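Remarks on the structure that follows.
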Amino acid sequence: MNKSELVKMLAEQHNLSNDEAVLVVNSFFESVRDALLEGDRVEIRGFGSFKVKDYSGYKGRNPKTGESVEVSSKKLPVFRAGKELKELVND
């Protein structure tokens, strides 16, 4: 399912116009994004949680040349599925 399919399904299930459904979906994603940018954790009970994880830098190797390279530290968004979602998928 992609974003446009999510918007369409939301509009159909809740008798919303397409524009209203787009506004709801975009507002949700913007809220999650803004919370992650502020360093907050977003938890949706029964679904999962989003957080930003810090990865420290390390010394890597270019596989083509064998040359040693320094990989800088970075932050990545991480999603962890909740217990109920895991159980639902596995049943």
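Spot the failing condition for VAL89; the list is (1) exposed (fewer than 11 other Cβ atoms within 10 Å of the Cβ); (2) among the hydrophobic types (A, V, I, L, M, F, W, C); (3) assigned to a strand (DSSP E or B), and only one is missed.
Failed condition: (3).
In region 54-76, which residues are surrounded by 10 or more Cβ atoms within 10 Å (Cβ to Cβ) and either closer than 30 Å to VAL89 by Cα or of a type in the set (Gly, Ala, Ser) (or both)?
The answer is TYR55, GLY57, GLY60, LYS75.
Go through region 49-84 and give me each residue that's assigned to a helix (DSSP H, G or I) and out of contact with any Gly (no Cβ under 6 Å at 6 or more places or on another chain).
Once the filter is applied, which keeps residues that are assigned to a helix (DSSP H, G or I) and out of contact with any Gly (no Cβ under 6 Å at 6 or more places or on another chain), region 49-84 yields only LYS83.
Being assigned to a loop (DSSP other than H, G, I, E, B) and under 20 Å from LYS83 (Cα atoms) is the filter; apply it to region 27-48 and report the residue that is most open to solvent (accessible area, probe 1.4 Å).
Quick first cut of region 27-48, residues assigned to a loop (DSSP other than H, G, I, E, B) only: 38-41, 45-47.
Pick out the ones that are also under 20 Å from LYS83 (Cα atoms) and you get 41, 45-47.
Numbers: ARG41: 140, ARG45: 200, GLY46: 33, PHE47: 93 Å².
Per the stated criteria, the residue is ARG45.
The values are calculated or read from the model by the stated rules, or taken from the named source; none is laboratory data. In this text, all values refer to a predicted model and were calculated from it rather than measured experimentally. Glycine gets a Cβ as well: all are built from the backbone with ideal geometry, and neighbour counts include every protein chain shown. Keep in mind that these areas ignore ligands, DNA and RNA; they rest on the heavy atoms of the full protein, side chains included. Shrake-Rupley method; radii C 1.70, N 1.55, O 1.52, S 1.80 Å.
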